[in-house]
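These notes are about the structure you will find just below.
Each value in this text was obtained by applying a stated rule to the coordinates, not by laboratory testing. Bear in mind the structure is a predicted one, so any value in this text is a computation, not a measurement. All Cβ positions, glycine included, derive from the backbone under ideal geometry; neighbour counts span all protein chains shown.
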């Protein structure tokens, strides 16, 4: 064999070894990837399932279960309320699913809230693990302002699950109503006197430049003439400088 032929033979052997080594490496890498993936599973959804059944489902996937907490919920006692990791996430075989179990619905007795102030009623509900529901109100002659007149559910109602108590609150007697008089063109002192006679007060005076108006005369008013107002309505006047 000549030197040239020997060199060609050596190069062919080296190339063959390289190809075989590459194939072996890729095969090992593929096998390793399959092995790693084979140790992973998709986390099942066990929310709403009883603890015993949930544990059985998880064990079927090679996953353990660890109870982290128990809380009141609308689900039956010992049903799974929350889980972590979430459903369908891929996890390692042998990993634990952390779950929160239900204590069942929280039952309560509705307290007496009538004749209490709105704030006092709301505080009492929150302290009892309940929530204020819809709050409606109306003017009621002869009743104290900001006082609970009615409630729903009624006081003493028992076995209420996660209760929301609706409250009806009195705004007290309706304030006396007036019709806003015409003040534009009057001197500001006369306008204020007219308002006082009607049970109203000026809340704000705003200077305004109106060349054709007499100095100190009212050139604008809010509310406007004829509107219904009460003693709490703020009255604003624009006065010519």
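Summary of computed values
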read-out	value
Tilt relative to the chain, helix 3-38 - C-alpha long axis, 0 to 90 degrees, to 10	40 degrees
Gain on full stretching of the segment that runs from residue 210 to residue 126 - 0.36 nm per residue minus C-alpha separation	24.5 nm
Largest to smallest principal axis extent of the C-alpha atoms in the chain, angstrom	132, 64, 21
Full-extension gain in nm, residue 222 to residue 144, via 0.36 nm per residue minus C-alpha separation	25.0 nm
Full-stretch length increase - residue 106, residue 184 - with 0.36 nm per residue and alpha-carbon distance subtracted	21.7 nm
Likely footprinting exposure, 168, 25, fewest C-beta neighbours within 10 Å first	25, 168
Sequence ranges 53-64, 207-218, ranked by mean other-Cβ count within 10 angstrom, highest first	53-64, 207-218
For the chain, calculated [θ]222 nm from helices alone, where every DSSP H run of n ≥ 4 adds -39500 (n - 2.57)	-9000 deg cm²/dmol
